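Step one of this worksheet: look at the structure below.
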Amino acid sequence: MAFTRGHWAPVAVPLVLALLTATGCESGPDARAAEPSAAPSTSAARSVAQVCARPAAGPEKAPAGAVTVDPGVVGDLAAKTSKSPPGTTFWLRPGRHRLEADRYAQVIPKKGDTYLGAPGAVLDGRKKNQYAFGGTARGVVLRYLTVQGFVAPQNEGVVNHDSADGWVIEHTTIQNNSGAGLMAGARQQVRASCLRGNGQYGMNAYKAGGRIGGLVLDGNEIAGNNKDDWERRRPGCGCTGGVKFWAVDGADVRGNWVHDNRGAGLWADTDNNDFRIEDNVLESNDGAALIYETSYNAVIRGNTIRRNNWVEGRKAAARGDNFPFATVYLSESGGEPRVPARTDKIEIYRNVLENNWSGITLWENADRFCNSPANTSSGDCTLLVKNTKRCAQPAIARQPLYSDCRWKTQRVDIHGNRFVLDKSVVDCTVKCDRMAVLANYGTYPDWSPYKGDRVAQAITGRQHNRWHDNVYVGPWTFVVHDPSRVVDSGQWQGGPYRQDAGSTFRARDGG
């Protein structure tokens, strides 16, 4: 759900390593891309997944044994799918394929069905149909097809509407739909596809009543989503961005170009675990490049992150909000050895963050915990407590529930990153230059055992959150304990905080 702040109002690995070790950098990137499919402006353009502008072509002839689908016959794809046995391959001829005009008309695949688009094959909802592909069949494959013009409702998706398991979406363009272009089920693979210009999300990784395991997003372009600007329509909904993940247990997000989305680029929200977010280019998103919220155990490495959060950060500064809005935002999220994963911490390393609105914020809302009215995650609890009702007085005031009823920002290791800020590029004077580790002053509800600055003291000094061996270029400041405490690099490195041991700071690049 939407994140809260308490009561204060594919880049190749060698390229990233080269950027980290270079003595100089470019004088500043060009302005943000005017069109979602525009190529990035700096050297990473050689490696980025420019899928939307360069889609791969499907087979020009029907493969042996495939059922041919005629664009001249309305509803031909759905009808032939219904009549064919499981495991059938369908080849869609070039042209605009349509479903019947009923808003619920859709294709219901059978187990193992494969859909291949010829060059120029488009499945068009004509703003009449809500869903393109639905049902619960497993192992469905879509390749070389364009899906557009569907009008899914808020939080629902056009492709894999019912979050069936084991789907593979490759070399597919899902664009200009309402709602989410794509939903996700367990073991879903989305590769080399274009998710752009959808009304809410490019993909909504949500499965009603269950967790999603083994999700792969590899080499996709995810651009210009949340076209319908849902945060304006429903302020505080937390329901926007390029991709949203809910209760995903094991995800590999690698080699994607996530750019020009209205809102966050990638947002993992509520009891996600075991993410590897690596070798992506995250740029020119209106909000944070990455939000990892009330979730666990992740590796974030080798990403190029630039020109993010200019819109939302600037709006917050203009209204006088002193919260450190960040480009990488960890909200009540950390490492937890008791939750099985490929790591037992959150490790953020070997990334390049260049000319974003601020850097990394580690945050905990002292009033947000299981069974608290301030918990915006709609009754969800941590992965350590199965029965939310246990998180109540008097038991919550004692261990283990005192610890286990909270999502905690802990065991975060931030190292080997390069943080570059040129305020003339970002066009800012204040509040765009911050790293932060902080919490609010706990006040609510009246039975809360976390009142006062207990959580702020814990996240700042006792939960093993550590910056070290980073490179800083530009006028960075640091927010610690609470939003009112802003320190310089010397105070940040000195007692009592002892952060960024082995890191270097300089006003400008030496190149």
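Observations
- Accessible surface area normalised per residue over the chain is 36 Å², counting heavy atoms of protein chains with a 1.4 Å rolling probe.
- Gyration tensor over alpha-carbon atoms, segment 172-277, equivalent ellipsoid semi-axes in Å: 20, 16, 11
- Peptides 178-190, 460-472, 318-330, ordered by how many other C-beta atoms sit within 10 Å of their residues on average, highest first, read 178-190, 318-330, 460-472.
- Summarising the amide proton neighbourhood of Tyr201: residues at separation of 5 or more, or on other chains, whose placed amide H is nearer than 5 Å comprise Ala180, Gly181, Asn226.
- Per-bin percent of Cα-Cα distances, segment 200-261 [5 Å]: 4, 18, 24, 22, 18, 12, 2
- Share of carbon and sulfur in the accessible heavy-atom surface of segment 216-262 [1.4 Å probe, %]: 44 percent
- Sequentially through segment 173-187, phi angles give Karplus couplings (6.51, -1.76, 1.60; θ = phi - 60°) of 9, 10, 9, 6, 10, 7, x, 9, x, 8, 9, 9, x, 4, 6 Hz, Gly and Pro residues having no value and appearing as x.
- Ellipsoid fit via the Cα gyration tensor, the chain: semi-axes of 40, 27, 18 Å, each the root of five times an eigenvalue, largest first.
- Sites Thr136 and Asp229 - FRET efficiency at Förster radius 56 Å, r taken between beta-carbons, to 0.05: 0.95
- Using the empirical formula 2.2 N^0.38 Å as the baseline, the Cα radius of gyration of segment 57-183 reaches a ratio of 0.93.
- Listed peptides 409-421, 276-288, 71-83 by packing density, highest first (mean Cβ within 10 Å): 276-288, 409-421, 71-83
- According to the Cα-based calculation, Rg over Rh for segment 99-157 is 0.96, with Rh computed by the Kirkwood formula.
- Separation of the alpha carbons by more than 22 angstrom is noted, of Lys111/Lys207; Lys111/Lys386; Lys80/Lys227, for Lys111/Lys386; Lys80/Lys227.
- Using the alpha carbons alone, the radius of gyration of segment 410-479 stands to its Kirkwood radius in an Rg to Rh ratio of 1.10.
- Stretchable slack from Ala392 to Glu100, in nm (0.36 nm times residue separation minus alpha-carbon distance): 99.8 nm
The values are calculated or read from the model by the stated rules, or taken from the named source; none is laboratory data. Quick caveat, the model's predicted, so the values are computed rather than measured. Cβ atoms come from the backbone with ideal geometry, glycine included; neighbour counts cover every protein chain shown. Side chains included, ligands, DNA and RNA excluded: accessible areas come from the protein's heavy atoms. Shrake-Rupley method; radii C 1.70, N 1.55, O 1.52, S 1.80 Å.
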